[in-house]
Amino acid sequence: MRTDHERRGDVPIGGLLRALLADIRLLSRREAELAVLELKAKAADLGGVGGLFGGAVLTAVFAAGTLIAAAVLALAIVLPAWAAALVIGVVLILVALTLLLVGRARMRALGPLAPTETIETLREDMEWIRRETDRLRATE
């Protein structure tokens with residue numbers, strides 16, 4: 001039985017180059033698919049973080065409204081209701097800060113948004129292509 005190496009010796013260089021180009025096209029398509037999958041996964045993670053930041057902003061807006069109401073009531077000093085409004089405003093600010101800090105921590109935990117796995121495999125593929133073309137040139 002003949003080895004792959006012996007069989008390749010019978011194939012013209014044009015056939016080897018066509019096979020190499022077909023492999024490169026297939027590999028490129030697979031790398032693009034991998035990049036899309038990786039970016040979709042990162043986008044899903046980012047969506048949760050965005051929700052936390054949105055919650056922090058919304059809570060801060062409510063807190064600002066409550067603190068403004070507390071300031072108005074404090075200036076009027078008509079009723080002790082201003083103290084209750086002040087307490088609610090402080091609680092809302094604490095909630096907003098908590099959401100902001102949790103969101104920031106999760107954003108940092110995500111790491112870089114670039115498709116790092118795809119970039120690494122592309123580097124490996126380029127090295128493989130270089131080796132194969134050098135090997136084919138050496139057999140000519």
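The values are calculated or read from the model by the stated rules, or taken from the named source; none is laboratory data. Just so it is clear, the structure is predicted and the values come from calculations on it, not from any experiment. Backbone-built Cβ (ideal geometry, glycine too); neighbour counts: all protein chains shown.
When residues of the stretch 101-134 are filtered for being more than 22 Å from the chain's Cα centre (by Cα) and surrounded by 12 or more Cβ atoms within 10 Å (Cβ to Cβ), how many remain?
Residues meeting the conditions: 5.
Going residue by residue through the stretch 109-124, is there one that turns out to be in a helix (DSSP H, G or I) and either in contact with a strand residue (DSSP E or B) (Cβ under 8 Å, 6 or more places away or on another chain) or among the small types (G, A, S) (or both)?
Yes, there is a match, as at least one residue in the stretch 109-124 is in a helix (DSSP H, G or I) and either in contact with a strand residue (DSSP E or B) (Cβ under 8 Å, 6 or more places away or on another chain) or among the small types (G, A, S) (or both).
Tally up the residues in the stretch 92-133 that are under 30 Å from A71 (Cα atoms) and modelled with pLDDT of 80 or more, please.
11
Is it true that some residue in the stretch 77-90 is at pLDDT 80 or above, of a type outside the set (G, A, S) and over 30 Å from I24 (Cβ atoms)?
yes
Name the residues in the stretch 90-131 that are in contact with a helix residue (DSSP H, G or I) (Cβ under 6 Å, 6 or more places away or on another chain), β-branched (V, I, T) and farther than 30 Å from V36 by Cβ, would you?
Listed by number, the residues that qualify are I93, V95.
Tally the residues that are hydroxyl-bearing (S, T, Y) and under 30 Å from L16 (Cβ atoms), restricting the search to the stretch 86-140.
4
Quick check on T98: is it surrounded by fewer than 16 Cβ atoms within 10 Å (Cβ to Cβ), part of a helix (DSSP H, G or I) and of a type in the set (S, T, N, Q)?
Here the answer is yes, as T98 does meet what is asked.
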